[in-house]
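Okay, structure first, notes after.
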Amino acid sequence: MSSEDAFWLAFSNVRGIGAVRFRKLLNFFGELSVAWRAERSQLISAGLTDKAVDLVIETRKIVNPDKIEADLNRKGIKYLTWNSPEYPHYLMEIAQPPPVLYYIGEILADDDLAVAIVGTRNVTKYGKQITHDTAAYLAGSGITVVSGLARGVDGIAHQAAIDAGGRTFAVLGCGVDVIYPPEHRKLAREITQHGALISDYPPGTKPDGINFPPRNRIISGLSRATVVVEAGERSGALITAKFALEQGRDIFAVPGSVLSQMSKGTNQLIAEGATPMTNPVIITDTLNLARTGKERKTEQIEISAIEKNILRVLGDGNLHIDEICARTSLTIEKLTAELTMMELKGLVQRENGMEYQRVKKWDIG
C-alpha cells in the first residue's frame, strides 16, 4: 500500500500538472490517492483539460506509486510537499509554490535566512570579485546563499559560500540527479555537503531551456532578497529579479559602468528602484539581518596595486572622480570600476555625489 505522499510524487511526474492543477485535484478529490485512481470523466469534472487528463492517463502506465518512494531512497533523493512541516517557509508564501520539492543534501530551519545571488554566465573580472566577496560575506553572516548552479556568477557564489564555511542552495532546471552544466559535478557534490541541490522537476528530468525561467521563481521564492551582480539586457537574472518583485522581496543590483554590456541590466534595475549594492553590508542592514558569523579581519582583504595608488591619491580628504582620474592616469571607465569594487570592499566611501574619501581605518603607509 502506497503512502499518500507517493501520489504527490506520482502526480509531480505528470508533465503540465503544477500548483494550480494540484490544488484543483485536492479541492475536488480531497486526496491525491483518490485522484490517481479517478476515471477520465471525474478528472474532467475536477477542472483538468482533455490534454492534461491524457497526460495523467499516460503517466499512470509508467509510474508506479508503490515503488516511487523506494526508488528515491535508493538514489539518496529526499522530498518535501505542501504538507511537510519542513517545507521552506518563505517559498510557501509565494503564489503557487511548487507542490513537491526534490532535494539532495539538507534543508534546515536556519535556511529560512537566505539571499539569492544571480547574474550572467559571461561574468567579468569585476563581477567575479563582487560575487565572491558578497557570497563570502553573506555565508560568513550565517545567511544561506541561493543560486542556480549555472556557469559564471552562480558557480562563483556557491563556491565562495562553501569556502567561507557557510551554506548554499542550488536550484536546478532539471532533476537533482542530472547535473548541468556537467563541469559543475564536483561543485554539486560539495553543495550537498553544505546545503542542498533542489528542484521541483522529478528525478531524471533533462535540462531544457523552458525549465529555467520557472526555476528562477524558486530561487527568489526561497530568499529574503535577490542580488543581481551583472546582467545583460536579456539576462535570465532579470527574470529572477522580476519574480522577486512580484513576490514582494527586496532586489539589490550592483552598479557598473554605463559602457559595460554586462551592467546594462543591473543599471536599469537601479533606475527602476532596485537598491544599489555597493557593499554587502547594505544587504544585511536593509533586511535588518544581524551578522552571526565573525567579522572579516582587515588583513584578509587583498588590496591591489591600483587600489593602493587610489588610496594614496585620496589621502585624508575628499576628491571628485575627475580629479582622481587626472591624478591616477586611469581611464574613467577603469576608475569607475575600481572605485565601485573599493566601495564593496569597504576601502572608500562616496560623498556628495561623485566625490570619494578613504575609509579612515585603511592606512597603507
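Every number here is computed from the coordinates shown, using simple stated rules; none is lab data. The model shown is predicted, which means the values in this text are computed figures rather than measured ones. Here Cβ is always computed from backbone atoms with ideal geometry, including for glycine, and neighbour counts include all displayed protein chains.
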field: Packing rank of 98-104, 60-66, 185-191, where each peptide gets the mean count of other beta carbons within 10 Å, highest leading
entry: 98-104, 185-191, 60-66
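222 nm [θ] for the chain, helices only, -39500 (n - 2.57) per DSSP H run of 4+, per residue, to 500?
Numbers: 17 runs with 162 residues, N = 365.
Only helices count here, giving -13000 deg cm²/dmol.
Residue 72: net charge of surrounding residues, Cβ under 12 Å, Lys/Arg +1, Asp/Glu -1, itself excluded? Provide the component values of the computation, followed by the final result.
Details: positive: 67, 74, 75, 78; negative: 5, 69, 71, 177.
Around residue 72, the charge tally is 0.
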field: residue 168 long-range amide H proximity, modeled H, under 5 Å
entry: 145, 195, 196
- prompt: How far, in nm, would the chain grow between residue 178 and residue 359 when pulled straight, counting 0.36 nm per residue and subtracting the alpha carbon separation?
  reply: 60.5 nm
- prompt: In region 1-144, how many lysine pairs have Cα atoms under 27 Å apart, counting only pairs 8 or more places apart or on different chains?
  reply: 10
field: Amide H contacts under 5 Å for residue 253, placed H, 5+ residues apart
entry: 228, 275, 277
message: Apply the Karplus curve 6.51 cos²θ - 1.76 cosθ + 1.60, θ = phi - 60°, to the phi angles in region 178-192 and return the couplings in whole Hz, x for Gly and Pro.
response: 10, 7, 9, x, x, 5, 9, 4, 4, 4, 4, 4, 5, 4, 5
statement: By the Cα gyration tensor axes a ≥ b ≥ c (a/c under 1.5 gives rounded; else a/b larger than b/c gives prolate, otherwise oblate), the shape of region 17-90 is oblate
